[in-house]
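Notes for the one structure printed next.
The values are calculated or read from the model by the stated rules, or taken from the named source; none is laboratory data. Quick caveat: nothing in here was measured; it's all calculated off a predicted structure. Because the Cβ atoms are built from the backbone with ideal geometry, glycine has one as well, and the counts that use them run over all protein chains shown. Calculation scope for accessible area: heavy atoms of the full protein, side chains included, ligands and nucleic acids excluded. Shrake-Rupley method; radii C 1.70, N 1.55, O 1.52, S 1.80 Å.
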Amino acid sequence: MTDVHTDAEHELLIDAQPEDVWEALTSDDGLDDWLGEGTEVDPVPGGEIVTPDVVSDRPRRGQVDEVDPKRRFAFTWWPEDDHDDRSHVTITLVPTRAGTLVRVVERAAAATSTTPAPAWVDWMWRASLVSVRAQSHALVRG
Amino acid sequence: MSDVFAVLGDPTRRSILERLSTDGPATATRLADEVGISRQAVAKHLNLLADVGLAASERQGRETLFRAELGALDDVGAWLDRVQGEWKLRLDRLARRVEST
């Protein structure tokens, strides 16, 4: 069956304990490393986020939604010049015998439905995302 | 594109689009039977999908057949690819920090 979804997902297994990953994820020094120098995050619900986001090279602002230490860090963010382009990011840490699995889901705020979704539709975790566009091309060919 | 996201944000609507993609064109009545909701509810969903170009219809005799138009998903696919790529880079940076301390 073709899957249509709107969540960008990625996950990575890191060879470390959840507390070490959490520290790197949320400490000032850690944030400077993975989001970029000068990143400020007030790590409480409603806390402000300001970051240069070096990976996208587009400075962003945001707001923390949820902080569950060593388990879950969720926030809403947007490019600082386009507040309408908001998305929700949820980062979850899952301990495994081989280390900590870090899962990220980013969903455009525009795609947030108020209808609760059945579990089989929404929580389809995958190791790698199959692009919707690739699926649509496959359908046209097939 | 936020219009397409807004329309795709509803899981029932996604399910209808998936069925049209996988099973081919269908009438609102048949979709209602398969999804288990009223024909009116299905018709509302189909109209919303059509509004953003994800579905199209044609009359066949007395019936109206709806079909998926997946070209409108190209922008969504590009967004997903880009955002996923960005998270790969961010998590790689995170991992480098963790594994070096």
Quiz item: Which residues' amide hydrogens lie under 5 Å from the amide hydrogen of A:Glu80, considering only partners 5 or more residues apart or on another chain, with H built in the peptide plane?
Solution: A:Arg60, A:Arg61
Practice problem: Please report, as a whole percent, how much of the solvent-accessible surface of region A:1-90 comes from carbon and sulfur atoms (probe radius 1.4 Å). | Solution: 40 percent
Quiz item: Counting other Cβ atoms within 10 Å, which trypsin sites (Lys or Arg not before Pro) in region B:62-101 have at most 14 and lie in a DSSP loop?
Solution: B:Arg62
Quiz item: In degrees, nearest 10, range 0 to 90: what is the angle between the Cα axis of helix B:39-51 and the longest Cα principal axis of chain B?
Solution: 60 degrees
Exercise. Provide the solvent-accessible area of A:His10, counting protein heavy atoms only and rolling a 1.4 Å probe, rounded to the nearest 10 Å².
Key: 30 Å²
Practice problem: Compute the long axis of helix B:11-23 from its Cα atoms, compare it with the longest principal axis of the Cα atoms of chain B, and write down the angle in degrees, 0 to 90, nearest 10. | Solution: 70 degrees
Self-check item: Charge-dipole axis of the protein assembly as shown as Lys and Arg at +1 and Asp and Glu at -1 on Cβ define it, positive-most pick from B:His45, A:Ala109, A:Ala8
Solution: B:His45
Self-check item: 1.4 Å probe accessible area per residue over chain B, in Å²
Solution: 48 Å²
Quiz item: If you average over every viewing direction, what projected area does the convex hull of the Cα atoms of region B:6-56 give, in nm²?
Solution: 3.0 nm²
Quiz prompt | Where A meets B: accessible area buried, both sides, 1.4 Å probe, Å² | solution = 4000 Å²
Practice problem: Just read off the accessible area of A:Glu19 with the full protein assembly in place, 1.4 Å probe, to the nearest 10 Å². | Solution: 90 Å²
